[in-house]
Amino acid sequence: MSAPVTARIADGVAAIPAAQWDACAGTGNPFVGHDFLAALERSGSVGVAAGWQPLPIVIDGADGTPAAIAPAYAKSHSQGEYVFDHAWADAWERAGGSYYPKLQVAAPFTPVPGPRLLLRDGALAPALIAGIEAVADQNRLSSAHVTFVADAQLPLFEQAGWLLRAGTQFHWHNDGYDSFDDFLSALSSRKRKAIRKERERAVAGLTIRHLTGADIGEAQWDAFWTFYQDTGSRKWGRPYLTRPFFSMLGQAMGDRVLLMLAERDGQPIAGALNLIGEDALYGRYWGCTQDVPFLHFELCYYQAIEAAIARGLSRVEAGAQGEHKLARGYVPVTTWSAHYLPDPNFRSAVAEYLDRERLAVANEQAYLGELTPFRRCD
């Protein structure tokens, strides 16, 4: 019989030494690395006041340092998750329960698939899932949710009996293209012409700059903060991230940041923020102070494709939702989340709903797959 495993709750990501955290998280996905998550804490973007209380669940190895970590948060709302459970919360509340606080394992404000069980010792994965369940059970929480979990880790939650939920994003895949024109050659003639016209209109009179590392200073972050505030206020009512977060991001991991700015007469009028992973470019935020037709598509999609090709990256992940991405060469892919609902009646009702939802998602993706702009092979 194996020895019992003990999980503990740390005071936050920043309370764990970066080297120890990253020994579990690895370097492939920047959004679960210590630099990114600690910057969210230190900047006040997450915390009790924001409704995201950091509660990393940790299992220590024989050497006394973390061997398995779940980046967990106590949530007092369902904002900033991009997997919508408001109907579940409403049903639980109407039944007389308290849905919040709930336990969320995620990269806050980041709809990017990636590892949610950060493992220096892969054998500890089942114990870490059990630790997440124990935190929910011992604190009588309504639920625990692991959102945008990497495909490779999904079977671990399925084996543990968690409910699985499917969603859809649109990603661009690099089929060994040498240039943007090479990519365009894979599209139908009509779509090629449409994209070229969009790009010409978008950049007329503008200069597009790609900045990374030391080339991004406080002036550039100030400009982007203005863009981000405009988009955030329209989408969410108020921006999730604070201004200091962007400076901290640049200081801690500037070599993994790609900031694209559109300038008119030397002044930035729009920007798109990306993070560079080991094999993907992740588009995260966009905003503008001047409304220019097709500039959003140019900065967020076409420039991202060019950057990915130049860096030899296999794909561009351009964030949540957006069927308009189809016409720009981005194709539907399935994203996944896992859900632990201790109450058997609540679990049964949600499971029935998820069965129907997964079928609907699969049918929709099959339909959307027929609408891509790529040339058909007879």
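Only residues that are over 23 Å from the mean Cα position of the chain (by Cα) and not polar (S, T, N, Q): list them for segment 352-366, please.
Kept after step one, since they are over 23 Å from the mean Cα position of the chain (by Cα), are these residues of segment 352-366: 352-353, 355-356, 359, 363, 366.
Glu352, Tyr353, Asp355, Arg356, Leu359, Ala366 - these are the residues of segment 352-366 that are over 23 Å from the mean Cα position of the chain (by Cα) and not polar (S, T, N, Q).
For Glu298, state whether it is out of contact with any strand residue (DSSP E or B) (no Cβ under 9 Å at 6 or more places or on another chain) and either farther than 27 Å from Phe84 by Cβ or not hydrophobic (A, V, I, L, M, F, W, C) (or both). Before you say what the answer is, go through the steps one by one.
Details: out of contact with any strand residue (DSSP E or B) (no Cβ under 9 Å at 6 or more places or on another chain): no; either farther than 27 Å from Phe84 by Cβ or not hydrophobic (A, V, I, L, M, F, W, C) (or both): yes.
No.
Do the conditions hold for Ser314, that is, is it out of contact with any Lys or Arg (no Cβ under 9 Å at 6 or more places or on another chain) and under 22 Å from Tyr177 (Cα atoms)? Can you show your working first?
Numbers: out of contact with any Lys or Arg (no Cβ under 9 Å at 6 or more places or on another chain): yes; under 22 Å from Tyr177 (Cα atoms): yes.
Yes.
Can you confirm whether Val350 is of a type in the set (A, V, I, L, M) and closer than 21 Å to Arg315 by Cβ?
On the way: of a type in the set (A, V, I, L, M): yes; closer than 21 Å to Arg315 by Cβ: no.
So Val350 fails the test.
Would you check if Ser76 is among the hydroxyl-bearing types (Ser, Thr, Tyr), in contact with a Gly (Cβ under 6 Å, 6 or more places away or on another chain) and in contact (Cβ under 8 Å) with a residue 12 or more places away in the chain?
On the way: among the hydroxyl-bearing types (Ser, Thr, Tyr): yes; in contact with a Gly (Cβ under 6 Å, 6 or more places away or on another chain): yes; in contact (Cβ under 8 Å) with a residue 12 or more places away in the chain: yes.
Against the criterion (among the hydroxyl-bearing types (Ser, Thr, Tyr), in contact with a Gly (Cβ under 6 Å, 6 or more places away or on another chain) and in contact (Cβ under 8 Å) with a residue 12 or more places away in the chain), Ser76 qualifies.
Among the residues of segment 91-115, which ones are of a type in the set (Phe, Trp, Tyr) and either open to solvent by less than 10 Å² (accessible area, probe 1.4 Å) or outside any helix (DSSP H, G or I) (or both)? Steps first, please.
So the first thing to find is which residues in segment 91-115 are of a type in the set (Phe, Trp, Tyr), and the list is 92, 99-100, 109.
Correct list: Tyr99, Tyr100, Phe109.
Scan segment 7-56 for residues that are out of contact with any strand residue (DSSP E or B) (no Cβ under 9 Å at 6 or more places or on another chain) and among the β-branched types (Val, Ile, Thr) and jot them down.
Thr27
Consider Ser185 carefully, then state whether it is without any contact (Cβ under 8 Å) to a residue 24 or more places away in the chain, hydroxyl-bearing (Ser, Thr, Tyr) and farther than 28 Å from Cys24 by Cα.
On the way: without any contact (Cβ under 8 Å) to a residue 24 or more places away in the chain: yes; hydroxyl-bearing (Ser, Thr, Tyr): yes; farther than 28 Å from Cys24 by Cα: yes.
Yes: the conditions hold for Ser185.
Taking Arg120, is it over 17 Å from His339 (Cα atoms), touching a helix residue (DSSP H, G or I) at 6+ places or on another chain (Cβ under 6 Å) and not β-branched (Val, Ile, Thr)? Quick ask: steps written out before the conclusion?
On the way: over 17 Å from His339 (Cα atoms): yes; touching a helix residue (DSSP H, G or I) at 6+ places or on another chain (Cβ under 6 Å): yes; not β-branched (Val, Ile, Thr): yes.
Yes.
Name the residue, out of Glu323, Glu306, that is under 20 Å from Ile208 (Cβ atoms), of a type in the set (D, E, K, R) and in contact (Cβ under 8 Å) with a residue 12 or more places away in the chain. I'd like the intermediate steps shown before the answer.
Details: Glu323 fails: under 20 Å from Ile208 (Cβ atoms).
Glu306 is the lone residue from the list that is under 20 Å from Ile208 (Cβ atoms), of a type in the set (D, E, K, R) and in contact (Cβ under 8 Å) with a residue 12 or more places away in the chain.
Residues that are surrounded by fewer than 12 Cβ atoms within 10 Å (Cβ to Cβ) and either under 24 Å from Gly329 (Cα atoms) or among the small types (Gly, Ala, Ser) (or both): does segment 233-248 have at least one? Please lay out each step first, then the result.
Pass one, segment 233-248, residues surrounded by fewer than 12 Cβ atoms within 10 Å (Cβ to Cβ): 234-235, 237-238.
Still in the list and also either under 24 Å from Gly329 (Cα atoms) or among the small types (Gly, Ala, Ser) (or both): 237.
Yes, some residue in segment 233-248 is surrounded by fewer than 12 Cβ atoms within 10 Å (Cβ to Cβ) and either under 24 Å from Gly329 (Cα atoms) or among the small types (Gly, Ala, Ser) (or both).
The values are calculated or read from the model by the stated rules, or taken from the named source; none is laboratory data. Remember, it's a predicted structure, so these values are computed and weren't measured experimentally. All Cβ positions, even for glycine, are placed from backbone atoms using ideal geometry, and neighbour counts span all protein chains on display. We work out accessible area using only protein heavy atoms, side chains counted, and drop any ligands, DNA or RNA first. Shrake-Rupley method; radii C 1.70, N 1.55, O 1.52, S 1.80 Å.
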